[in-house]
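A.B. asks: Please see the structure below; I have some questions.
Each value in this text was obtained by applying a stated rule to the coordinates, not by laboratory testing. Bear in mind that the values here come from a model prediction, so they are computed numbers and not experimental data. For neighbour counting, all protein chains shown are included, and Cβ atoms are generated from backbone atoms with ideal geometry for every residue, glycine included.
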């Protein structure tokens, strides 16, 4: 079974040379730490920066240079700043190659819910609805089950949707799965996790074909 | 040169009154018009409808207007990190319209640019699209979103000149340029008000035509919401 950093490490393998990548808040932010350093990748943050670098050294924080999680950041050579409209032109216009974001629920048809729990939590969708409505390549990073142990991979989402039929791939603490017309197709198992454990933790339709390899991280 | 310069924040906010609709630039606490907000608190105008990506934190940014119960409605994309906001929203004192961040930007830009509405794919099939017109283009569904209508846009830039030309810094740019010219009156506050002619015309982000009033902001706290650092090796 993987921890959050393990999930991020596995997702980092999906990042290819020449990609512009938008990372969501939470586990997705960790992905930047594990991308191979022999490839060229630029990270976009929807508040208006392309070419994000690591966090600043203490004493070098700039209130005018933050990421979408409102954390202080730095920029790398070749970086650019722009306004919100242009930022979402990059996103809706399909100029960003890969979007990695978290989710509360994903359905077997690719629907995603991650912005609202009616009556409990209403923080807003931020840029998530724009990202999922437009990106061709969306990977969800999340735990396979919630804190109560209930599956987050469902037949149908129970929470208000962020987007419909948009998720392509999911990496959880237990598995890598692909969304197909028939449901969740199991691609890889996390180290030490059995197919039965994954079946147990998946409420939606799980497709298991042949031997399922263990993730190489 | 047509001068947009006003002496101070009091002059810049001439004409604001109860029940108006205001736009505020900023993302989180970065690039917010701190001086205009402080003056609105002092004036005590109420019944405000505010368009802003976020709602500040409890004791800063638009949180200051929420504390004084000056806001009736917020249109935003993300409103976490603010307990007073949550309390007023759940008790029904505050009306809240949550919309996708890109839609917020484009509804500003539409107002700025003379478009009555725009089609966006964001939110299609979700509760955000409920009751809105939808249309198919090339096999994909889009939602019709209307341009905002606002009385004042309050924006903050790094540098500006008397002609109203603006230059922004870093990610403090965010929604500020999109809101310039998107309301009946755009009020720009700047950290540095420089002499006309000293800004390179090639480097101006917003031409002065979009700005009606410009003033030098006397005080900027520029609070950092999530101070995140790495250790030196």
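A.B. asks: Of the beta bridges DSSP finds with both residues in the protein assembly as shown, what % are antiparallel, to the nearest 5?
C.D. replies: 40 percent
A.B. asks: Most exposed first by the Cβ proxy, i.e. fewest other Cβ within 10 Å, how do B:209, A:27, B:185 rank?
C.D. replies: The fewest-first ordering by Cβ neighbours comes to B:209, B:185, A:27.
A.B. asks: With chain A treated as a Gaussian network of Cα nodes joined by springs under 10 Å, which of A:178, A:14, A:42 yields the largest mean-square fluctuation?
C.D. replies: Most flexible of the set in this elastic network: A:14.
A.B. asks: Now a separate question. In Å and from the alpha-carbon atoms only, list the Rg and Dmax of chain B.
C.D. replies: Using the Cα atoms of chain B, the pair Rg, Dmax is 18.0, 56 Å.
A.B. asks: Then there's this: Would you mind pulling out the separation of the Cα centroids of the stretch A:126-197 and the stretch B:112-155, in Å?
C.D. replies: If you average the Cα positions of each part, the centres end up 28 Å apart.
A.B. asks: Calculated from DSSP H runs of 4 or more alone, at -39500 (n - 2.57) each and per residue, what is the 222 nm mean residue ellipticity of the protein assembly as shown, nearest 500?
C.D. replies: Mean residue ellipticity, 222 nm, calculated: -4500 deg cm²/dmol.
A.B. asks: Can I ask one more? Roughly what % antiparallel, to the nearest 5, for the DSSP beta bridges in the stretch A:103-217?
C.D. replies: Around 65 percent of the beta bridges assigned by DSSP in the stretch A:103-217 are antiparallel ones.
A.B. asks: Looking only at B:73, B:140, B:159, which one moves most when chain B is put into a Gaussian network model with springs between Cα atoms under 10 Å?
C.D. replies: Among B:73, B:140, B:159, the largest GNM mean-square fluctuation belongs to B:140.
A.B. asks: Next question, about the same structure. Arranged by the count of other C-beta atoms within 10 angstrom, fewest first, what order do B:205, A:144 take?
C.D. replies: B:205, A:144
A.B. asks: If I model a spin label as a point 7 Å beyond the Cα along the Cα-Cβ vector, how far apart are those points for residue B:83 and residue A:89 in nm?
C.D. replies: Distance between the two pseudo-spin positions: 4.2 nm.
A.B. asks: Need one number: % antiparallel among DSSP beta bridges in the stretch B:138-204, to the nearest 5.
C.D. replies: 20 percent
A.B. asks: Related question: Using a simple spin-label model with points 7 Å from Cα along the Cα→Cβ vector, what separation in nm is obtained for residue B:17 and residue B:90?
C.D. replies: 3.7 nm
A.B. asks: Rank B:122, B:147, B:110 by mean-square fluctuation in a GNM of chain B with C-alpha springs under 10 angstrom and give only the top-ranked residue.
C.D. replies: Comparing B:122, B:147, B:110 in a Gaussian network model of chain B, the most mobile one is B:122.
A.B. asks: Tell me the label-point distance for the pair residue B:221, residue A:1, using the 7 Å Cα-to-Cβ offset, in nm and rounded to one decimal.
C.D. replies: Computed distance between label sites residue B:221 and residue A:1 equals 4.3 nm.
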